[in-house]
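Before any comments, here is the structure.
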Amino acid sequence: MKIYLATGNLNKKREMQEIFPQHTIVIPKDEGISFDPSETGTTFYENSLIKAHALWHLVHAPVIADDSGICVDALGGAPGIYSSRYGGPEHPRGRADGNKTPQETQNRMLIEQLNTALEQRAACEMEADGIFRNGPRSCHYTCAMVCVLGPDRLFVAQETMEGSLVNTIAEARGTGGFGYDPLFVVPQYGKTAAELTPAQKNAISHRGKASRSIQRLIESAHLDANIGL
């Protein structure tokens, strides 16, 4: 089945094709479709739904959209839905001019912001509070995924991948993955997400788990390529 993925991110397309090998994953730019919806939601789910419906109305075919980001516990869940636009503590929701901060700069600023927050509040106090799952540097990735099959028919899955951030930017490592993956330490492997093989990452990642939930829903509904038209 041909499934449109509501993104321009080639890394997401690659990951989704690995997770859905039996289907053909197509992104708008593959077919010359102009696609840049305004993500005005206040949650991962809302933004995912906005993108999914926007693309479905253009192609009238099965569409999957996801909205994902990294949530740092000591920063109150920031940068969260603004992960791709994050511009440091001065611009947590993105720069006013709309220009995206380079990923390497985002990574450095996120570690610096976390370290400043930890200096302002004793790490032992936070651990004693029982707030954080993986210690004072605890964080998680969130992925909300929506599969739209028609104007009133859709499936939704939301998953997380739990971990922690490296202590310093010098500890960032790995060449796989993308985004904040070189900073994100996966406890069960003792490696960053960027050091995992694609198969290892997809087995435990927020996007991998959400994708498999969506896949099961699609298969249980016995969908075919004409559904939603």
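The values are calculated or read from the model by the stated rules, or taken from the named source; none is laboratory data. What you see is a predicted model; the values in this text were computed from it and never measured. Note that each Cβ is placed from the backbone with ideal geometry, even for glycine, and that neighbours are counted across all protein chains shown. Note: areas computed on protein heavy atoms with side chains; ligands, DNA, RNA excluded. Shrake-Rupley method; radii C 1.70, N 1.55, O 1.52, S 1.80 Å.
Summary of computed values
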| read-out | value |
| --- | --- |
| Residue check for L49: open to solvent by 30 Å² or more (accessible area, probe 1.4 Å), under 19 Å from F155 (Cα atoms) and of a type outside the set (D, E, K, R) | yes |
| Helices (runs of 4 or more DSSP H) wholly inside segment 103-210 containing at least 2 residues that are open to solvent by 20 Å² or more (accessible area, probe 1.4 Å) and under 30 Å from F20 (Cα atoms) | 103-120, 198-204 |
| Which numbered condition N115 fails, given (1) under 22 Å from the mean Cα position of the chain (by Cα); (2) more than 19 Å from P187 (Cα to Cα); (3) modelled with pLDDT of 95 or more | (1) |
| Count - residues of segment 211-224 that are open to solvent by 60 Å² or more (accessible area, probe 1.4 Å) and either modelled with pLDDT of 95 or more or outside any helix (DSSP H, G or I) (or both) | 2 |
| Pairs, first within 17 Å of T168 (Cβ to Cβ) in segment 178-204, second part of a helix (DSSP H, G or I) and among the small types (G, A, S), C-beta under 6 Å, six or more apart | D181/A193; D181/A194; P182/A194; F184/A193 |
| Flag for E171 being more than 22 Å from A65 (Cβ to Cβ), at pLDDT 95 or above and either within 20 Å of the chain's Cα centre (by Cα) or not charged (D, E, K, R) (or both) | no |
| The one condition in (1) out of contact with any helix residue (DSSP H, G or I) (no Cβ under 7 Å at 6 or more places or on another chain); (2) farther than 23 Å from A199 by Cβ; (3) surrounded by 19 or more Cβ atoms within 10 Å (Cβ to Cβ); (4) in contact (Cβ under 8 Å) with a residue 40 or more places away in the chain that A78 fails to fulfil | (4) |
| Selected residue (only one of D152, D181 is within 30 Å of L217 (Cβ to Cβ), at pLDDT below 95, out of contact with any His (no Cβ under 8 Å at 6 or more places or on another chain) and not aliphatic (A, V, I, L, M)) | D152 |
| Subset of segment 43-79 [in contact with a strand residue (DSSP E or B) (Cβ under 7 Å, 6 or more places away or on another chain), part of a helix (DSSP H, G or I) and among the small types (G, A, S)] | S48, A52 |
